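What follows is a short report on a single structure.
Each reported figure results from applying straightforward, stated rules to the coordinates on display, with no laboratory input. Treat the numbers as computed from the prediction; the structure is a model and nothing was measured. Virtual Cβ from ideal backbone geometry, glycine too; neighbours counted across all protein chains shown.
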């Protein structure tokens, strides 16, 4: 598998499992470590570990195994070395702290990956307009309810009492 095919396959697999904010850095001209970094986010340590293991299992089925892997135990930042492609899966706080995209980007070598699963998550603009039109028609037909200010202040008092810890006396 060529580096480009491997990078694309990793991105597709991560997208399939709904990894957050997938970025690809072409670092071939910046380092001899790899040609590409694929960087993705996970929502929890369990999610990070599941993403990494999913990609590893699917690539093993295609005969591609990592040369090295690190970080699975803590699963805050997992790195898989596939030779020409390094896959990084990080928790959001780790990603924010280390800023790999900023560190390795020269301004021309970074791209955001938007795969089919991501595209399906977004609603087309036409359907949003149709939804707004339907909502506006519903508002025109349904009578408006008026709420007295005294009712609102009473509701606030009740909510405040519910949040305030009771006196242990």
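Brief remarks follow.
- The stretch 3-121, relative contact order [Cα under 8 Å, separation at least 6], %: 32 percent
- Cα-based convex hull volume of the stretch 3-121 per residue, rounded to whole Å³: 100 Å³
- Note on 95, 68, 76: ascending count of other Cβ atoms within 10 Å places them as 68, 76, 95, the fewest first.
- Over the stretch 9-52: Rg over Rh, Cα atoms, Kirkwood Rh: 1.04
- Footprinting exposure proxy for 23, 105 (fewest neighbouring C-beta atoms within 10 Å first): 105, 23
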